[in-house]
Amino acid sequence: MKLYCHPGSTTSRAVMLFAAEEGIALDQQVVDLFTGEQYKPEYESVNPNHLVPVLEDDGFRLTESSAILKYLAEKTGSRAYPADLKQRARVNEVMDWVNTQLSRDYCYGFVYPQIFGFHKRRSDEAHQAQLEWGRERAQGWLKVLDSHFLGQGNTYLCGDSITLADYFAAPFVHVGELTGSDFAAYPALDAWLRRMKALRSWNPTFETIEAYGASLRGQPMVAV
Ligand SMILES: N[C@@H](CCC(=O)N[C@@H](CS)C(=O)NCC(=O)O)C(=O)O
């Protein structure tokens, strides 16, 4: 199987981390987002959304990191996507929540405008207003993650075992660290992220984004 991806891409890292942890062999084809390779006609024919990741399996192409994770888990019979109806529904619930609430307000509304130049708003006033708006909502979602999904004594987002929801959510939460944010105000979330960072494939999967984060240090940022 082939994965079109970029190690600086949050959604790619979710798939890369899961595949590495589960020993799923993926031939990674890096699409250079920083030079605009995703807008070239060759890639447009792969994904008209101009986004990574994309999975290719024997001529079958699949976009959307959440769908890719589920496909890989189904294909390999991974325990990270439980077969039990209700357990699986819980994983789906958290993944949908991450894909909408957390990703929209925390990543797109707060983190990305600060760390990716092309997400910056066109005036300082618009930019600041966006960050204020995004920060308030992001704090609300982080609190839900901390006190609702994890706060009832859960080791992982859906209970005692790691699931696709954890692989999906962790790169989104982590990317906030590039704004100088830490999660001390969210103790269960903080402990969960440390647990995720202890996975053996975490460092190799995250080294590119960490290096990018280091290159941003010293720039004015608003933390969550
Ligand atoms: N909903 C999509 C989002 C994918 C996405 O936003 N990919 C970003 C990187 S994290 C991308 O390819 N950006 C390229 C661009 O904005 O030009 C998914 O989950 O796969």
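Considering the stretch 196-224, the residues that are among the polar types (S, T, N, Q) and outside any loop (DSSP other than H, G, I, E, B) include one that is farthest from residue 150 (Cα to Cα), namely 215.
Within the stretch 86-99, the presence of at least one residue that is within 10 Å of the ligand (Cβ to nearest atom), open to solvent by 20 Å² or more (accessible area, probe 1.4 Å) and closer than 23 Å to residue 154 by Cβ is confirmed. What do you reckon, is residue 80 in contact with a Leu (Cβ under 9 Å, 6 or more places away or on another chain), in a loop (DSSP other than H, G, I, E, B) and in contact (Cβ under 8 Å) with a residue 60 or more places away in the chain? For residue 80, the condition - in contact with a Leu (Cβ under 9 Å, 6 or more places away or on another chain), in a loop (DSSP other than H, G, I, E, B) and in contact (Cβ under 8 Å) with a residue 60 or more places away in the chain - is met. Here the stretch 37-57 is the region considered, the condition is being surrounded by fewer than 15 Cβ atoms within 10 Å (Cβ to Cβ) and within 10 Å of the ligand (Cβ to nearest atom), and the residue that is farthest from the chain's Cα centre (by Cα) is 39. I'm trying to understand the selection: among the residues of the stretch 114-129, which are within 14 Å of residue 222 (Cα to Cα) and surrounded by fewer than 10 Cβ atoms within 10 Å (Cβ to Cβ)? Within the stretch 114-129, 124 is the sole residue that qualifies. For the stretch 58-74, a tally of residues being open to solvent by 20 Å² or more (accessible area, probe 1.4 Å) and either touching a residue at least 24 places away in the same chain (Cβ under 8 Å) or assigned to a loop (DSSP other than H, G, I, E, B) (or both) returns 4.
Being within 13 Å of the ligand (Cβ to nearest atom) and in a helix (DSSP H, G or I) is the filter here; which residues of the stretch 19-36 pass it? Answer for the stretch 19-36, where residues must be within 13 Å of the ligand (Cβ to nearest atom) and in a helix (DSSP H, G or I): 33, 34, 35.
Taking interchain pairs and intrachain pairs at least six residues apart, which have beta carbon atoms under 8 angstrom, with the first residue in the stretch 141-155 and in a loop (DSSP other than H, G, I, E, B) and the second of a type in the set (Lys, Arg)? Final answer for the pair search is 155/195. Across the stretch 1-18, the number of residues qualifying as within 12 Å of the ligand (Cβ to nearest atom) and over 15 Å from the mean Cα position of the chain (by Cα) comes to 2. Only a single criterion out of (1) surrounded by fewer than 19 Cβ atoms within 10 Å (Cβ to Cβ); (2) part of a loop (DSSP other than H, G, I, E, B); (3) among the polar types (S, T, N, Q) is not satisfied by residue 181, namely (1). Against the criterion of being open to solvent by 40 Å² or more (accessible area, probe 1.4 Å) and either in a helix (DSSP H, G or I) or under 22 Å from residue 203 (Cβ atoms) (or both), residue 108 qualifies.
So how many residues does the stretch 125-138 have that are of a type in the set (Asp, Glu) and either closer than 27 Å to residue 169 by Cβ or modelled with pLDDT under 95 (or both)?
2
Of the numbered conditions (1) over 12 Å from the mean Cα position of the chain (by Cα); (2) crowded, with 16+ Cβ neighbours inside 10 Å; (3) in contact (Cβ under 8 Å) with a residue 24 or more places away in the chain, residue 223 fails exactly one; give the number of that condition. All conditions pass for residue 223, except number (2).
The values are calculated or read from the model by the stated rules, or taken from the named source; none is laboratory data. Since the model is a prediction, treat every value here as computed from it, not as a measurement. When we count neighbours, we look across all protein chains shown, and the Cβ atoms used for this are built from the backbone with ideal geometry, even at glycine. For accessibility, only protein heavy atoms count, side chains too; no ligands or nucleic acids. Shrake-Rupley method; radii C 1.70, N 1.55, O 1.52, S 1.80 Å.
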